[in-house]
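The next block holds one structure in the form of structure tokens; read it before the comments.
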Amino acid sequence: MITSPLALLVLLTLLVLSACQPADDGLALQADYLQRLNNAVEGDAVAAFDKMALTRYRLPPRRERVATIPEVRIGLLDLLIDVRRCPALQQQISLRNSSLGKQLVPSSRLAYEGDLLRAIDACLAYLTPEQDQKLQRMLTGLAQEKRAQLPLVFWNALNASEEVERYLRFADQTLPIAPAEDDAALDALAQLAAMANALPQTLPPPTTELDPLFFALHASPQGGQLISSLASLTHTLNEGSRLLEQRQQRRPICPQGQATSRGRILQNIFVKYYAGGLQPYLAQVHQRGQPWSSSLRQLSAAAEVPAATRNYLLNLAGPGQSLWVDFQAATSRHVRAWQDSLKSCGLAPGQSGWNGQAANADQ
């Protein structure tokens with residue numbers, strides 16, 4: 001057969017591109033587990049995880065999440081001359097009216113508003129009531145308006161941030177079987193959630209403290225991978241439960257309540273491929289999912305959260321039906337399905353037929 005040079009070039013390109021894609025060992029582990037379990041219970045073909053299901057967890061458009069914040073009635077430029085005795089405040093006002101200040105990204109705007117309010121508070125403490133009543137009233141009014149806007153400024157900082165969007169957008173791959181620690185990103189998410197609920201009484205921190213939080217989210221691929229892992233594991237666990245439940249309903253593996261050769265095979269799958277393979281991966285996902293989901297629920301309850309953002313966060317983390325709640329339900333269902341199947345054979349942990357050592361032969 002003669003192959004054209006163009007066809008060979010296309011084939012080589014596809015091979016190179018496929019070789020550049022890192023292996024999704026988390027998804028491979030799940031597929032292998034399901035296939036072995038299906039063979040052990042002599043089930044029908046299992047349904048593979050459809051990545052299109054992840055589109056259910058697509059972020060709403062940014063235009064639905066970002067609010068327009070009205071300018072305050074008191075012009076900062078008009079104050080510039082009046083606050084000569086408060087150099088810190090004068091510096092903040094000059095910054096905001098500079099070309100750089102007018103182009104602040106939303107996260108920098110959040111830090112700036114905190115710096116400005118701290119400078120106003122310091123200036124008000126310095127001014128004497130007898131000589132500066134007009135300026136005090138002006139600054140007090142400005143501070144009240146700025147504080148009232150802080151929740152919206154915060155949400156714009158998150159919703160217009162590529163760093164946060166990346167962390168909360170599902171990934172093409174699941175978490176690796178042995179993921180690196182993700183404490184910095186999880187801690188940053190928790191700090192942002194606490195900040196959202198403390199506004200406006202507690203001011204946002206300066207840029208030197210705020211920027212590292214956004215950077216930690218940007219540096220971590222595990223937020224999106226966690227979403228993909230939770231979705232794929234929910235599918236895998238429910239498929240596995242279906243296989244075990246249907247086999248018990250259709251034709252019990254141990255019809256007399258005593259161990260059979262097929263029951264021993266099933267026990268080996270449990271020890272070697274569930275307890276020894278899938279369960280440690282489940283534990284890794286659960287360990288990351290707990291603080292992640294807690295922070296998302298805390299964010300969803302913060303003041304003035306845009307409706308589209310709130311709905312998305314609840315879709316991920318609950319407490320009603322959500323990705324996190326569905327994962328927990330699927331985990332519990334799968335544990336029950338294994339317990340029922342092994343107990344019916346007298347082969348469950350604690351029963352006389354239990355053997356915690358997997359057979360050498362693959363099943």
Next item on the list: For residues that are free of Cβ contacts under 8 Å to residues at least 60 places away in the same chain and either among the charged types (D, E, K, R) or not in a helix (DSSP H, G or I) (or both), tally how many sit in the range 210-224.
Entry: 2
Checklist line | the range 23-44 - residue that is farther than 15 Å from Gln249 by Cα and of a type in the set (A, V, I, L, M, F, W, C) and, of those, farthest from the chain's Cα centre (by Cα) | finding: Ala40
Next item on the list: Tell me which residues, restricted to the range 30-49, are surrounded by fewer than 18 Cβ atoms within 10 Å (Cβ to Cβ), at pLDDT 95 or above and closer than 27 Å to Gln321 by Cβ.
Entry: Ala31
Next item on the list: Please work out which one of (1) in the same structural domain as Val153 (by TED's automatic domain parsing); (2) buried (at least 21 other Cβ atoms within 10 Å of the Cβ); (3) not in a helix (DSSP H, G or I) is the condition Thr174 fails and give its number.
Entry: (1)
Note to self: Give all pairs with beta carbons closer than 9 Å in which a residue from the range 42-59 that is at positive phi meets a residue that is surrounded by 11 or more Cβ atoms within 10 Å (Cβ to Cβ) and part of a helix (DSSP H, G or I); count only pairs at least 6 apart in sequence or on separate chains.
What the structure shows: Glu42/Arg247; Glu42/Arg262
Item checked: Subset tally (residues that are surrounded by 12 or more Cβ atoms within 10 Å (Cβ to Cβ) and not in a helix (DSSP H, G or I)) for the range 129-156 -> 1
Next item on the list: Scan the range 83-96 and give yes if some residue there is modelled with pLDDT under 75, basic (Lys, Arg), on the phi < 0 side of the Ramachandran plot and outside the structural domain of Pro306 (by TED's automatic domain parsing), otherwise no.
Entry: no
Next item on the list: Report the residue count in the range 103-138 for those that are aliphatic (A, V, I, L, M) and within 28 Å of Val66 (Cα to Cα).
Entry: 8
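Find the residue count for the range 180-190, including only residues that are free of Cβ contacts under 8 Å to residues at least 60 places away in the same chain, assigned to a helix (DSSP H, G or I) and over 16 Å from Ser161 (Cβ atoms).
The qualifying residues number 3.
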Next item on the list: Being among the charged types (D, E, K, R) and surrounded by 19 or more Cβ atoms within 10 Å (Cβ to Cβ) is the filter here, so list the residues in the range 177-186 that pass it.
Entry: Asp182
Margin query: Just to be sure before I move on: is Leu135 over 30 Å from Leu316 (Cβ atoms), in contact (Cβ under 8 Å) with a residue 40 or more places away in the chain and over 39 Å from the mean Cα position of the chain (by Cα) in the structure I sent?
Written below: yes
Next item on the list: Please work out if Ala193 is part of a helix (DSSP H, G or I), at pLDDT 95 or above, within 29 Å of Glu64 (Cβ to Cβ) and outside the structural domain of Tyr274 (by TED's automatic domain parsing).
Entry: yes
Next item on the list: Kindly check whether there is at least one residue in the range 333-348 that is without any contact (Cβ under 8 Å) to a residue 60 or more places away in the chain and among the aliphatic types (A, V, I, L, M).
Entry: yes
Check: Which is in contact (Cβ under 8 Å) with a residue 12 or more places away in the chain, more than 30 Å from Cys345 (Cα to Cα) and touching a Lys or Arg at 6+ places or on another chain (Cβ under 9 Å), of Pro306, Pro291?
Finding: Pro306
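The values are calculated or read from the model by the stated rules, or taken from the named source; none is laboratory data. Every value quoted in this text rests on a predicted model; they were computed, and no experiment measured them. Quick reminder, even Gly has a Cβ in these numbers, built from the backbone with ideal geometry, and neighbours come from all protein chains shown.
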